[in-house]
Amino acid sequence: MNLINQYLWRNFEYMDLFTDEFFMKEALKEAQKALAKDEIPIGAVIVSKNQIVARAHNLTETLNDVTAHAEMQAITSAANALGGKYLVDCTLYVTLEPCVMCAGALYWSQLSKIVYGASDQKRGYTTTNSELLHPKTQIIKGIMENECSNLLIEFFKKKRLLKNK
Ligand SMILES: [Zn+2]
């Protein structure tokens, strides 16, 4: 391989690293942290210029707070890290479709892009007809959907088994 080809190849690999799957895997790591705390396993990361500026997971039990969803924690944390309340040019990766509350918060944050794994047929923001997100916000769904939903399915299966004992 000549030098130019080597250079191109290296850059290609570098570009290839920052895919939606790459960052969704990081959100899944956060979901695993929630699972370890016996929280509903949902994780999120916020990315700005290919860098993770916030990592968060669901903490509703730990904080005894129904609003402590992964996305809410991530928005606050990213705003602190970036030093401004608006998250323009940021992407949120979250393992489960945001609920109506989180979609509202994401609207206010002016986030550019949302990538989610599993759909939430019961509480997801798409279950309502109203347009909760900013029309300019780009949405990608179904990234690593199986991995994201399996975590939740297993969690609730275990909970049910424990309940019936
Ligand atoms: Zn939510």
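Taken as Cα centroids, region 28-73 and region 86-140 sit 15 Å apart, rounded to the nearest whole angstrom. Label positions at residue 112 and residue 129, each projected 7 Å from the Cα along the C-beta direction, are separated by 3.4 nm. Shown is the FRET efficiency for residue 52 and residue 156, computed with R0 = 35 Å from the Cβ-Cβ distance and rounded to the nearest 0.05: 0.80. Residues of region 69-111 falling in the label zone of residue 138, defined by backbone nitrogen less than 18 Å from a point 7 Å along Cα to beta-carbon, are 87-94, 107, 110-111. Evaluated with a Cβ-only charge set (Lys, Arg +1; Asp, Glu -1), region 82-165 carries a dipole of roughly 540 debye about its Cα centre, given to the nearest 20.
Values in this text are rule-based calculations from the coordinates and carry no lab data. Keep in mind the model is a prediction, meaning the values are calculated, not measured. Counting neighbours? That spans all protein chains shown, and the Cβs are built from the backbone with ideal geometry, glycine included.
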